[in-house]
Every structure is written in C-alpha cells, then in structure tokens.
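The values are calculated or read from the model by the stated rules, or taken from the named source; none is laboratory data. What you are looking at is a predicted structure, and each value in this text was computed from that prediction instead of being measured. When we count neighbours, we look across all protein chains shown, and the Cβ atoms used for this are built from the backbone with ideal geometry, even at glycine.
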Amino acid sequence: MDHVADAHDFLAYVQASPTPRHCVAETVRRLEASGFVPAEPGDGTDRGYAARAGSLLAWRRNGEGPVRVVTAHTDSPNLRVKPQPDTRGAGLHQLGVEVYGGVLLNSWLDRDLGLAGHAVVRGADGIETRLITIDRPVLRVPQLAIHLDREINTKGLQLNKQQHMKPVWGIVADDDERSLAELLGAELDVEAADILAFQLMTFDVAPPALWGWNDEFIASPRIDNQLSCWASVAALAETDAPGTQVIALFDHEEVGSTSATGADSGLLADALAALVGPSPSDDSLCISADCAHATHPNYADRHDPEHQIALNGGPVVKVNANERYATTPLGHALFVDACERAGVPHQVFVSRTDLACGSTVGPITAARTGLDTVDVGAPQLAMHSARETTGSSDPGFLRAALAAAFESS
C-alpha cells in the first residue's frame, strides 16, 4: 500500500467536493475514467452507475459469486443559505443561514468561507440546473472579541444559531441594493431574475493538508464522510472479483436519511432487486462505512477504557447493543477476515455505556435490505468540525480493507 499516494488522492477528492452534488460529480468523473458508464441497475450493464442529485449507486457484476455492498454518505454538517438570505447589520451585508446537521458551531467562526451548491435557472433552452463553486473567501462569521465576553473562558462559548452565525460578505455603501441573487447572477452569467431557486452551503476554502512533524495526520473538511466515499469508489474501481459489488453513496445522512435520495428511500433495495433479484444469497454483506471516533488525548475519559481507538490504527468496527450500529457477528467476522487478507490492522469501538453514540445509514439499510451488515469507519478527531483530523495512513487502510471485502468469497 502506498499510503502517501492514497492520502494525496483523498485530499484531491475532498477538495473537489464542497457539496454532495459536487461529490457525486467527482465520483462520476473517477468512475468513468475506470470504465463505468451511466446506466440503470436493471438494464443489463455490468459496470455502471446511476447518479441522482447528491446520491449515487455504482455496481460491477462478474458472473456468479457473493453480493458485497458498501454504503457511505456524501453530506456533512455545515451552514446552508436561507431562501431569502439578504440581511444587514451595523452597516454590513450578511446572509441568513440555517444550520444543517449536528454542527460544531464554534468551528465555523473566523474562517475563510466560500459558497457552493447549485442553482436552477431559466436558460436559453428552458429551466436548467447548474453547479456553483465560489472557491475564494467571500464570507466570514466573526467571533465576538473577548473584551465584550469576559467570561467566555470560564463559562464557555454560547452561540445562538439565529443571531450569531450569520456570515458577513460586504460593507453597505450609499444606495447599495446588492443582493445574493445579483452576485450569483454575475457568477453564472445570468440575470438575477432568471435564478429561480438555489441550494447553497458554506465551506472552508483552506485546502486540506497533511500535518504533524512527519505528516502523520490529515486536516480536512468533510472527512466525515467523504473519506468513506473516496475509499469505496477507489475499491470498486480496482476490484476484479466474481460476484456483484455495489457502492451506494447517500445524501442527507446527517439529518436522518429520510428523503427521496437518502438511505431511507428505496434506492438501494430497488437496485439490489434489479441486479441480483429479490433475495440475495445468505453470504451477502453490506458494509456501512462511516467515520469513527478516535480516542481524544485531552478527553480520554469520554471513551470506553477497553476500546481505545488510535489514528493510523486501521479501520474501526463499530458495535452498539441498542442497534445504533448494525454490526452483526457474521458481518464483523467477514470484515475482520478482509482486513487480515489485506494486511490491514483493525480496531473495535464501543461507546461508554453512559454516553449515547451516534448512528449511521447501517441500521436503515439493514432493515430495508435484510443483509448482514457491519458498521466500520476510519478513525478521526473533531468529528463535525469545519475542519477534522484523521491519520494520513487511514485512507489507504480503509481503501485496502474495502477492496479485500469486495474480493471475498
């Protein structure tokens, strides 16, 4: 395994993917470079993909053999622009935003923010959807000076989502009637009135990077969960095993997955029925790939003492007795076997019994498909921050483990 090459390839992937739709576009580019073609699961194509908004299904069929599915999600917590966003305060232009998912609010303060998403516009040939990427610092949410909040270091930072998270984008000049629609129109080369609707979200424009004395770590936005998307795409592209291999990258996991393109839709179950029939074989496996909490050195007491998780320690199998994770003993065993065949270390995560854990698409897809499932993920720190950390070897470890799982009999 070339961990350095894998790390840099992941950095390029996440840099190209500031939103779920951008993530799908970059995934499509990579799949097509590996010989996949746009198709529908039931049309007989053996190396195809189907993209729908911020979600994507891709598959490879090669004769008889087991069914292997990897799921991940394309979305991450962030600040999303409201439909009527233009507001002003203290002589400054601001945007109204809505918090998407479980955001660590403080991590969005004092950062260089861009805007990305898509707009639905009236074009020369009718209504069309266009991707938008404003990859320069056009927004900032300034923090209140300590002189005006003397107790911040003793009582903690208190942020109101409605009042305190509106980004600033300019100074209001005399007779200044500029609006976001006009700014977007200039970016898209259309009249503001021709922008019929949009979905925009903020993102940190600082590029992802290796860090640490010996580049042991990666700092990046959207590690949760575009690292799993990258690893599943890379594993599918390189596999050459008998059977059927599928990846399902879903939007809206961070807000519950109940949407037309989320894991709680019929996308995956319908695709599997079309690819392999209504009853996959008993040796089928679904790997729900979503990042896991590494043990934080400053908060080690928040972790179960018998389940310490290390960065660069290999993929993490996640277990929860209350079905917040969908790992079954057979799924667990099959994934451990894949790690051993790939020469990849693995770890096991269980939350402290007195702390609630998060969840993944694993329980949802397990209920919808009936497949034995294992919840796994690369270890990370600062989950749901605007800028998260993982080990620089962890992308390569996860890719190799998923590739071996695709190739298992």
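Given the conditions (1) over 19 Å from C229 (Cα atoms); (2) out of contact with any helix residue (DSSP H, G or I) (no Cβ under 8 Å at 6 or more places or on another chain), and given that L95 satisfies all but one, which numbered condition is not satisfied?
(2)
So, in region 329-347, exactly how many residues are touching a helix residue (DSSP H, G or I) at 6+ places or on another chain (Cβ under 8 Å) and surrounded by fewer than 16 Cβ atoms within 10 Å (Cβ to Cβ)?
Summing the residues that are touching a helix residue (DSSP H, G or I) at 6+ places or on another chain (Cβ under 8 Å) and surrounded by fewer than 16 Cβ atoms within 10 Å (Cβ to Cβ) in region 329-347 gives 3.
Filter region 315-337 for residues that are touching a residue at least 12 places away in the same chain (Cβ under 8 Å) and assigned to a helix (DSSP H, G or I) and give the result.
Scanning region 315-337 gives L330, G331, H332, L334, F335, V336, D337.
Before we move on, is W213 outside the structural domain of F250 (by TED's automatic domain parsing), among the hydrophobic types (A, V, I, L, M, F, W, C) and touching a strand residue (DSSP E or B) at 6+ places or on another chain (Cβ under 6 Å)?
no
Of the residues T239, T295, only one is touching a Lys or Arg at 6+ places or on another chain (Cβ under 7 Å) and of a type in the set (S, T, Y); which?
Criteria check complete, one pass: T239.
Just name the residue that is surrounded by the fewest Cβ atoms within 10 Å (Cβ to Cβ) out of those in region 196-251 that are among the aliphatic types (A, V, I, L, M) and in a loop (DSSP other than H, G, I, E, B).
Among those that are among the aliphatic types (A, V, I, L, M) and in a loop (DSSP other than H, G, I, E, B), it is A206.
Please indicate, with yes or no, whether at least one residue in region 235-243 is closer than 20 Å to R30 by Cβ, outside the structural domain of R122 (by TED's automatic domain parsing), in contact with a Leu (Cβ under 7 Å, 6 or more places away or on another chain) and of a type in the set (S, T, N, Q).
no
Restricting to region 377-397, what's the tally of residues that are surrounded by 24 or more Cβ atoms within 10 Å (Cβ to Cβ) and touching a Ser or Thr at 6+ places or on another chain (Cβ under 7 Å)?
Total satisfying the criteria: 5.
Give the residues of region 136-181 that are surrounded by 15 or more Cβ atoms within 10 Å (Cβ to Cβ), within 17 Å of A90 (Cβ to Cβ) and among the hydrophobic types (A, V, I, L, M, F, W, C), sorted by residue number.
Within region 136-181, L139, V141, M165, V168, W169, V172 meet the criteria.
Go through region 394-409 and give me each residue that's assigned to a helix (DSSP H, G or I) and either out of contact with any Gly (no Cβ under 8 Å at 6 or more places or on another chain) or not hydrophobic (A, V, I, L, M, F, W, C) (or both).
Across region 394-409, the qualifying residues are D394, P395, G396, R399, L402, A403, A404, A405, F406.
Could you list all residues from region 62-74 that are outside any strand (DSSP E or B) and under 22 Å from the mean Cα position of the chain (by Cα)?
T74 - this is the single residue of region 62-74 that is outside any strand (DSSP E or B) and under 22 Å from the mean Cα position of the chain (by Cα).
Could you list, in sequence order, all residues of region 133-161 that are out of contact with any Leu (no Cβ under 6 Å at 6 or more places or on another chain), in contact (Cβ under 8 Å) with a residue 60 or more places away in the chain and assigned to a strand (DSSP E or B)?
The answer is T133, D135, R136, P137.
What are the residues in region 162-194 that are part of a helix (DSSP H, G or I), within 20 Å of N106 (Cβ to Cβ) and in contact with a Leu (Cβ under 7 Å, 6 or more places away or on another chain), if any?
Once the filter is applied, which keeps residues that are part of a helix (DSSP H, G or I), within 20 Å of N106 (Cβ to Cβ) and in contact with a Leu (Cβ under 7 Å, 6 or more places away or on another chain), region 162-194 yields nothing.
Please determine whether any residue of region 199-215 is of a type in the set (V, I, T) and under 30 Å from P66 (Cβ atoms).
No - not one qualifying residue is present in region 199-215.
Conditions tested, residue by residue: (1) in a loop (DSSP other than H, G, I, E, B); (2) surrounded by 14 or more Cβ atoms within 10 Å (Cβ to Cβ); (3) touching a His at 6+ places or on another chain (Cβ under 6 Å); (4) β-branched (V, I, T).
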| site | (1), (2), (3), (4) |
| --- | --- |
| D6 | no, yes, no, no |
| Y13 | no, yes, no, no |
| P18 | yes, yes, no, no |
| R30 | no, yes, no, no |
| P41 | yes, yes, no, no |
| G48 | no, yes, no, no |
| R60 | no, yes, no, no |
| V81 | no, yes, no, yes |
| Q94 | no, yes, no, no |
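Take the conditions assigned to a loop (DSSP other than H, G, I, E, B), at pLDDT below 95 and more than 20 Å from Q380 (Cα to Cα) and apply them to S265. Does it pass?
No.
Restricting to region 100-132, name every residue that is surrounded by fewer than 16 Cβ atoms within 10 Å (Cβ to Cβ) and either touching a Leu at 6+ places or on another chain (Cβ under 7 Å) or in a strand (DSSP E or B) (or both).
Selection gives N106, V120, R122, G123, G126, I127, E128, T129, L131.
Would you point out the residue of region 184-193, among those that are in contact with a Lys or Arg (Cβ under 9 Å, 6 or more places away or on another chain) and surrounded by 15 or more Cβ atoms within 10 Å (Cβ to Cβ), that is farthest from G114 (Cα to Cα)?
V190
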